[in-house]
Amino acid sequence: MYRLAAIAIVLLITLTGCWTLHDAMHPVFLAGSEAQEMIDSRAGDMLAALYPGVPVGRSKCGYLLDLTGERTAQCTIPVAGQTMRIDVRMMMIVRIPITSDVDALIEKHATERRIARQLDFRYGVRFTASCNGPPVRVVALKTPIACEVRAPGTPPRRITVTPADRDGDLSPIELAGVDTMEVRMLGRNTATRRTGGADIPGPVAERYLRVLTGGARHDDLVQRGLLGAAHCPPRVRLTPKNHVACRVRVGNRWLTYSLLFRRGRGFLAVPGDEVVIVPVARAFVQRLYERRLRMSGKPEAVRVDCGRQPVVVIGEDDSFPCTARTREGPKRLSVVTAGDSGAMFTYDDG
């Protein structure tokens, strides 16, 4: 037995030495200028468009980044007089450089809105939030941030939230002892059942889906008069072996939900597509386009046109067309959404 263990140790040392030799024989380097261009496009420009009142500068990297093996290099982005760190590493199989977040930008008012939206959506009650700290700061991911939340009928609560990415999106917030939106709207039995199935009156399911539609942009849909009626069968009877389709009108489009019951998870409402409020996405794309022109030394006002439709309903990998009009002429764009953090685009015509 001891002899086998010794052989295994020798093999491990040999393989480790071989991999180290492999790294030495196949070093991987990335020009700092190339890393900066990637970081500006994927991170700096997006942050500047997401927070138009916060100064975001060009990223800074070393002259040459050693990304051999599992090594990472760290670059920085100047944000409101502070420094945001961002790591760069190489996906070795395909040799593509990628970034990973180290810090998060916390804009106080945006963070408070995010907390309120997340709690509204989870618990079906209007919340307000107030957080400690300066108006803008850069903190390490998972740094605890102390806040107080309030809602009608509930006492003020002190909570701690943590940023999950560089944009300041937050990890899920749980409030003990507060009924979820599902409990309030569907009933405790339906909301908490994990085996068997569910039997929900159609009008109850319709009211629930209308509140669900739009996610973090639900209030925008309501304020713009874009949220219409929902349609479900008179009764929604679910088992682990079937599903029921319902539809919700958004603008001049229909959003389809699949209502499911999964053993161990219970009732689920899964949208088939994503609702995009076109004026909101258009404004973000315009800020992003102007930022990139400005950072390339060509500052000018840009007009982005995405058509007259108020909303589009697109699949996970789909996009919708827009046109950016500049002094050099129109540029056709394909726009894809990036969750609550805005939108991104690619050029259709080079």
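The values are calculated or read from the model by the stated rules, or taken from the named source; none is laboratory data. This one's a predicted model, so the numbers in the text were calculated from it and none came from an experiment. Here the Cβ is made from the backbone with ideal geometry for all residues, glycine too, and neighbour counts use every protein chain on show.
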| note | Within the stretch 332-350, of all residues that are at pLDDT below 90 and charged (D, E, K, R), the one farthest from residue 165 (Cα to Cα) is 349
| field | Test set (1) assigned to a loop (DSSP other than H, G, I, E, B); (2) in contact with a Gly (Cβ under 8 Å, 6 or more places away or on another chain) - residue 93 fails condition number | value | (2)
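Out of everything in the stretch 240-299 that is acidic (Asp, Glu) and not in a strand (DSSP E or B), what residue ends up being nearest to residue 220 (Cα to Cα)? Spell out how you get there, then give the answer.
Kept after step one, since they are acidic (Asp, Glu), are these residues of the stretch 240-299: 273-274, 290.
Then drop every residue that is not not in a strand (DSSP E or B), which leaves 273, 290.
Numbers: 273: 18, 290: 24 Å.
The extreme case among them is 273.
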| task | Could you check how many residues of the stretch 191-201 are within 29 Å of the chain's Cα centre (by Cα) and crowded, with 17+ Cβ neighbours inside 10 Å? | result | 1
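Looking only at residues that are of a type in the set (A, V, I, L, M) and modelled with pLDDT of 90 or more in the stretch 300-313, which one is nearest to residue 345 (Cα to Cα)? Can you show your working first?
Initially, the stretch 300-313 is screened for residues of a type in the set (A, V, I, L, M), giving 301-302, 304, 311-313.
When the remaining residues are screened for being modelled with pLDDT of 90 or more, the result is 304, 311-313.
Details: 304: 12, 311: 17, 312: 16, 313: 17 Å.
Top of the filtered list is 304.
Mind checking which residues of the stretch 74-95 are over 26 Å from residue 288 (Cβ atoms) and not basic (Lys, Arg)? I'd like the intermediate steps shown before the answer.
The first filter runs over the stretch 74-95 and keeps only residues over 26 Å from residue 288 (Cβ atoms), leaving 90, 92-95.
Scanning the stretch 74-95 gives 90, 92, 93, 94.
At pLDDT 90 or above and more than 21 Å from residue 217 (Cα to Cα), is that true of residue 327? Walk me through how you get there before you give the answer.
On the way: at pLDDT 90 or above: no; more than 21 Å from residue 217 (Cα to Cα): yes.
In short, no.
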| remark: Note: among 203, 172, 233, just one is in a loop (DSSP other than H, G, I, E, B) and at pLDDT 95 or above, namely 233
| note | Residues of the stretch 206-230 being part of a strand (DSSP E or B) and under 15 Å from residue 274 (Cα atoms), in sequence order, are 227
| said: Being surrounded by fewer than 17 Cβ atoms within 10 Å (Cβ to Cβ) and not assigned by TED's automatic domain parsing to the domain that holds residue 157 is true for just one of 64, 47. Which residue is that? | reply: 64
| Checklist (1) modelled with pLDDT of 95 or more; (2) more than 24 Å from residue 281 (Cβ to Cβ); (3) of a type in the set (Asp, Glu) applied to residue 101, failing item | (2)
| remark: Of 300, 328, 290, the only residue that is closer than 26 Å to residue 168 by Cα and of a type in the set (Asp, Glu) is 290
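Condition check ((1) modelled with pLDDT of 95 or more; (2) surrounded by 15 or more Cβ atoms within 10 Å (Cβ to Cβ); (3) assigned to a strand (DSSP E or B); (4) among the acidic types (Asp, Glu)) across all residues:
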residue: 6; (1), (2), (3), (4): no, no, no, no
residue: 15; (1), (2), (3), (4): no, no, no, no
residue: 41; (1), (2), (3), (4): no, yes, no, no
residue: 58; (1), (2), (3), (4): yes, no, no, no
residue: 75; (1), (2), (3), (4): yes, yes, yes, no
residue: 87; (1), (2), (3), (4): yes, no, yes, yes
| task | List every residue pair whose Cβ atoms sit under 8 Å apart, with the two residues 6 or more apart in sequence or on different chains, where the first one lies in the stretch 293-306 and is of a type in the set (Lys, Arg) and the second, anywhere, is surrounded by 12 or more Cβ atoms within 10 Å (Cβ to Cβ) and modelled with pLDDT of 90 or more. | result | 303/286; 303/324; 303/325
| request: Please give the number of the condition residue 79 fails out of (1) at pLDDT below 95; (2) surrounded by 16 or more Cβ atoms within 10 Å (Cβ to Cβ); (3) of a type in the set (Val, Ile, Thr). | output: (1)
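For residue 83, state whether it is of a type in the set (Ser, Thr, Tyr), touching a residue at least 40 places away in the same chain (Cβ under 8 Å) and not in a strand (DSSP E or B).
Values: of a type in the set (Ser, Thr, Tyr): yes; touching a residue at least 40 places away in the same chain (Cβ under 8 Å): yes; not in a strand (DSSP E or B): no.
Answer is no for this residue.
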